[in-house]
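Please read through the structure below; I'll follow up with questions.
The values are calculated or read from the model by the stated rules, or taken from the named source; none is laboratory data. Model, not experiment: these values are computed from the prediction. Because the Cβ atoms are built from the backbone with ideal geometry, glycine has one as well, and the counts that use them run over all protein chains shown.
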Amino acid sequence: MRTGAAGAMAIALLAAAGCAPPAVQVSHTIPAGLPLPAEVTAVAAGTFEVRSNAPADLAEMMQRRLGAKLPSLRLDGAGAAPGRAAPGQVARVGGRIEADLRDVRGVRTVRRAEASGQLVSVSLPSLVRRIDMRVDFVVWHGRRRCGAVEVRRSYDSAADPRVRGVLGLDRGDEPDRVPAPAVIAGEMLDECIRVLLRTVEPLRVTATVHLRPAAGAEAREAMRLIERGRYGEAMEHFRAALAKSPGSAALHFDLAAAAEAAGKLDTALEEYRAAAAAAPGGNDAVAAECADRVRRVIAKLRPPVQ
């Protein structure tokens, strides 16, 4: 099911193996930068207008590359291939491609040593190839325009490691090493497509949180509730246990995990930090890592007010 706001959802309590502690699998979904309608389950490649002086069929290249990448899109509760989805469930991506190819050719004079040790001047051809590309993706669902994504990329063969060498010590204008325009354009289109996919696909952050069972009736009851997926109730029992053992790093950590599973991110962040502070020496790498994950999720879900 697609949700307008992305929170934390506990998927399951993972079964413990042997004496290993139980673990909770948590998942956070960050809404896409360009969210699609809830009924959309697949995205297909549409048509593109091309304005280019590059010797390549950019429209055909774009459609082929998009067609290969779009079925892997993970939409909320979706993921059907365009050919299997109902027409009303398919959005289409089209738009415009602009590409400007500039080849600067010339002759370069270099000094070479002959077998005799004498230096002679030799004239060699040179080539510097530059391409500026702009792709305006437009996403449509039926006749409804869902939004647009503009991507710009630039290429300069003089800065290409394939031309300059891995260490950047070779000539940057060696014609034989400069990739063909179609190769460069294809790579640039792939970069643009990756930006599009990151924009329309929700970001998922998942983690397996291994709990730290503590002694006491309240803590045991909290664990039983967690096994049943009743994370909110488990939080109350962890709080009751903490009232008796306020310095327990394990109880702070398990309360944080239950809170994260319940989608209570502010509480989870506070308790993960408390668990780290309560650890010997105030250093708990796992709790600190969990706190940082929750902090980053909160920052994504609540962007700063401009």
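I'd like to check something: does the range 162-176 contain any residue that is in contact with a Gly (Cβ under 7 Å, 6 or more places away or on another chain) and modelled with pLDDT under 95?
Yes, because at least one residue in the range 162-176 is in contact with a Gly (Cβ under 7 Å, 6 or more places away or on another chain) and modelled with pLDDT under 95.
Taking residue 173 as meeting all but one of (1) under 30 Å from residue 106 (Cβ atoms); (2) part of a helix (DSSP H, G or I), write down the number of the exception.
(2)
Out of 289, 260, I need the residue that is within 28 Å of the chain's Cα centre (by Cα), among the acidic types (Asp, Glu) and surrounded by 15 or more Cβ atoms within 10 Å (Cβ to Cβ). Which one?
260
Among the residues that make up the range 140-149, is at least one of them within 20 Å of residue 102 (Cα to Cα), in a loop (DSSP other than H, G, I, E, B) and charged (D, E, K, R)?
No, the range 140-149 contains no residue that is within 20 Å of residue 102 (Cα to Cα), in a loop (DSSP other than H, G, I, E, B) and charged (D, E, K, R).
Name the single residue, out of those in the range 175-187 being surrounded by fewer than 16 Cβ atoms within 10 Å (Cβ to Cβ) and closer than 17 Å to residue 53 by Cβ, that is farthest from the chain's Cα centre (by Cα).
Per the stated criteria, the residue is 180.
While we're on this one: When you check residue 157 against the structure, is it assigned by TED's automatic domain parsing to the domain that holds residue 96 and more than 29 Å from the chain's Cα centre (by Cα), yes or no?
no
Show me the strands (runs of 3 or more DSSP E) entirely contained within the range 1-114 in which 2 or more residues are over 30 Å from residue 231 (Cβ atoms), at pLDDT 85 or above and among the β-branched types (Val, Ile, Thr).
In the range 1-114, the matching strands (runs of 3 or more DSSP E) lie at 42-52, 90-113.
Report whether or not residue 128 is under 23 Å from the mean Cα position of the chain (by Cα), among the β-branched types (Val, Ile, Thr) and surrounded by 14 or more Cβ atoms within 10 Å (Cβ to Cβ).
Considered against the rule, which asks whether it is under 23 Å from the mean Cα position of the chain (by Cα), among the β-branched types (Val, Ile, Thr) and surrounded by 14 or more Cβ atoms within 10 Å (Cβ to Cβ), residue 128 comes out as no.
Does any residue in the range 117-137 that is over 30 Å from residue 186 (Cβ atoms) and outside any strand (DSSP E or B) come within less than 8 Å, Cβ to Cβ, of a residue that is at pLDDT below 95 and among the aliphatic types (A, V, I, L, M) six or more places away or on a different chain, and which pairs are these?
Qualifying pairs under 8 Å: none.
How many of the residues in the range 268-286 are buried (at least 21 other Cβ atoms within 10 Å of the Cβ) and either among the hydroxyl-bearing types (Ser, Thr, Tyr) or part of a helix (DSSP H, G or I) (or both)?
Going through the range 268-286 one residue at a time, the tally reaches 7.
Something else about it: Select the helices (runs of 4 or more DSSP H) contained entirely in the range 201-267, then report the ones holding at least 3 residues which are in contact with a Ser or Thr (Cβ under 8 Å, 6 or more places away or on another chain).
Here the list reads 231-244, 249-261.
Follow-up. Of all residues in the range 249-287, which are at pLDDT below 95 and polar (S, T, N, Q)?
Result: 283, single match.
Let's see how each residue does on (1) of a type outside the set (A, V, I, L, M, F, W, C); (2) within 30 Å of residue 31 (Cα to Cα); (3) without any contact (Cβ under 8 Å) to a residue 24 or more places away in the chain; (4) crowded, with 18+ Cβ neighbours inside 10 Å:
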{"site": "157", "(1), (2), (3), (4)": "yes, no, no, yes"}
{"site": "162", "(1), (2), (3), (4)": "yes, no, yes, no"}
{"site": "173", "(1), (2), (3), (4)": "yes, no, no, yes"}
{"site": "189", "(1), (2), (3), (4)": "no, yes, no, yes"}
{"site": "203", "(1), (2), (3), (4)": "no, yes, no, no"}
{"site": "209", "(1), (2), (3), (4)": "no, yes, no, yes"}
{"site": "213", "(1), (2), (3), (4)": "yes, no, no, no"}
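Looking at the range 287-306 only, could you name the residues that are assigned to a loop (DSSP other than H, G, I, E, B) and acidic (Asp, Glu)?
Residues satisfying the conditions do not exist here.
Same structure, new question: How many residues does the range 150-170 contain that are in contact with a helix residue (DSSP H, G or I) (Cβ under 6 Å, 6 or more places away or on another chain), farther than 30 Å from residue 38 by Cβ and not in a helix (DSSP H, G or I)?
Selection size over the range 150-170: 3.
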